[in-house]
Each structure stands twice: as structure tokens, then as C-alpha cells.
Amino acid sequence: MKTFGKLAIAASVLLLIGGTVTAAGAVIAYKNEEGAVTERVEKHYVAEGAATALKVKTYSGSINVVKGDVETVKIDYKDKEDDPQVEFTFVDGVLEMKEKEKQWFNWVGEFVWPWNYDKIFDNVTTITVPMDSDIDYKIAATSGSIYVENATSSKDLIIDCTSGSVTVKNCNIGGKVDLDAISGSVSIENLTAGKDINVDATSGKITMDNLTAGGKIDLRGISGTIKGEKIKCESLEADCTSGKVDLLKVDAEKSIDIDAVSGSINLSVVDAEENYNFKVSKMSGSANVESKTNAGATKNMSLNVTSGSIHVDFNA
């Protein structure tokens, strides 16, 4: 899976969007010359024409992107009145909103610490795109969560999140879907993709309900569980380190391949046992299936655990 933005020092977000997105960053405030925390004032931007791509890069606050009754992209945001930190460009249909990058030594002074809660301000950027927008989704966030709901696109949905969770709900994507979270969980509900779905979570769990992919579904989890139900695809791969794999009502046309280290595998599939050729490997624990070849079987199932049990139910 392609990833980007993992080594960014400051909180940042990069989006190419056409749905509903929320990326919540760290609570940051500006300090004036006297060292006092200052609030930003509300500002507005309206694109001069139809946007084919939207890029947003910010280092503080949260971002909400919604579809609405607008002719072109509208952005409601907050900025310093006397020293603007945000700038816009609009070239060949690409609308870019960019906040000035901060040096690492400025960040400590700009955090609103718990003992300064009275200084916290509500810094939210709201981006409204037209209802008929069909834009590539490419979203990257550092130190914040990303939320996507009711997004429809004939193109791709790519999310890369560091130090925050990823939530995707009620989305229909014509291309591929890549979801990558570091130090955060991934939650998916009612997602359809015309091509592959790739999910990668480090130090967080993956939960899914009702996934359909026109191609392969690839799940990678480190230090967290992988749990899902009602999954349909050409082939399914799941690899989990230090966590349990629990996948129910799987409908894979070609193959199922699951590896679990320091965790067990609990799987149920929609068809019969005789439809599969099995390759089962375990170092410790029990298994209710074994390696074998079934005459006439058109699918393959490979299950491997290092320390844990394997249980498979059929005709689920």
C-alpha cells in the first residue's frame, strides 16, 4: 500500500476530496509578540470555477468537508487578521489551501496545554463542495483523525493518517480504496469499491461491516485485532501481528489467505467446505480444519498461526 506523510513533524493534512471528511488535528493557538494566545477570526473563500481537485494542508485545528448546495467549492476557515497564515491557489481546476509551515521549535510555545484550557479556541475549517462533485479522494493527516461519510466517486479514496483514527462510512468508490493508520484504528461501515481495498493499521484495531471490493481486499494489522463481517471480494488477504483475526460471512471468489502471529483465527465463509483446497499451518493451538485437496475445488484457503487456534465455519 502506498503511504505518505508518515515522517512529518508538524500536524498536517493533504486532501483531494469529494465527500464528507473530518480531520481533527492537535489543539494549537497562535501567540502574539507579548506571548499571549490569540484567536483567529472567521474568513471565507469561494473558488472562481469548478474544481477537479482539492488540496488542503494545515498544521492546526480540524477540517470538515461536506457536500452542499453550492456552485463551486466554498471554504469557511479561521486565520490571524494581522498576519495571515493561510493562502489559496486555483490553477487548472486544482484548488489548494495551504497554511504556513511551522518550525519544530515553535510548536511547544503554541500548544494550549491542559492548564491553559481557557485559551482554547474553536479552529474549524469547513469546506463545502457541490453535490455533483466527482473528485479523487487523497487525504493525509498527521496528529488528527479522518472521517469520511457518504462519499461517492468514480475515482479513488486514499487516506493516510498518523496519530489518529480513520473512519469510512456509507461510501461508494469506483476505483481503489487505501486506508493507512499509524497509532490509530480503522473503522469501516458500508464501503463499496470497484477495485481493491487495502487497509493497514499500526498500533490500532481494524473493524469492518459490509465491505464489497471488485478486486482484492488486503488487511494488515500490527498490535491490534482485525474484525469484520459481510465481506465480499475476488480474494482476501489478512495479516495480523499480536492480535486476533475474526472475519465472518466472507464471500471470496478465488482465495482466502490469513496469517496471525500471537493470535487466533476465527473465520466463517458463505459456501461449502468442499469448494476449497486447504493449507493449514500452526505451531501451537488447535484447528478444526487441516491441509487437504478437495476434488473439484475451485478456491484456495491458507491459514497460518504461530501461537493461537484456527476455527472455520462453512455455509455461514
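Readers should treat all values here as calculations from the given coordinates under stated rules, not as data from a laboratory. Keep in mind it's a predicted model, so treat the numbers as computed, not measured. Don't worry about glycine lacking a Cβ; one is built from the backbone with ideal geometry, like all the others, and counts go over all protein chains shown.
Remarks
- Two-site label geometry, A50 and N275: point separation in nm, points 7 Å out along Cα→Cβ: 4.3 nm
- The modelled label-to-label distance for the pair N150/V94, using points 7 Å beyond Cα in the direction of Cβ, is 3.0 nm.
- Spatially, region 234-251 and region 67-100 are offset by 41 Å when compared through their Cα centroids.
- Karplus 3J(HN,Hα) series, Hz, for region 41-57 with 6.51 cos²θ - 1.76 cosθ + 1.60 (x for Gly, Pro): 9, 6, 9, 9, 9, 10, 5, 7, x, 5, 9, 9, 8, 10, 10, 10, 10
- The simple Förster model, with R0 at 51 Å and r as the Cβ-Cβ distance, assigns V289 and D132 a FRET efficiency of 0.55.
- Cβ-Cβ distance of A316 and I222, R₀ of 41 Å, FRET efficiency by 1/(1 + (r/R0)^6): the value works out to about 0.90.
- Here the gap between S268 and E71, fully extended at 0.36 nm per residue and compared with their Cα-Cα distance, gives a gain of 66.2 nm.
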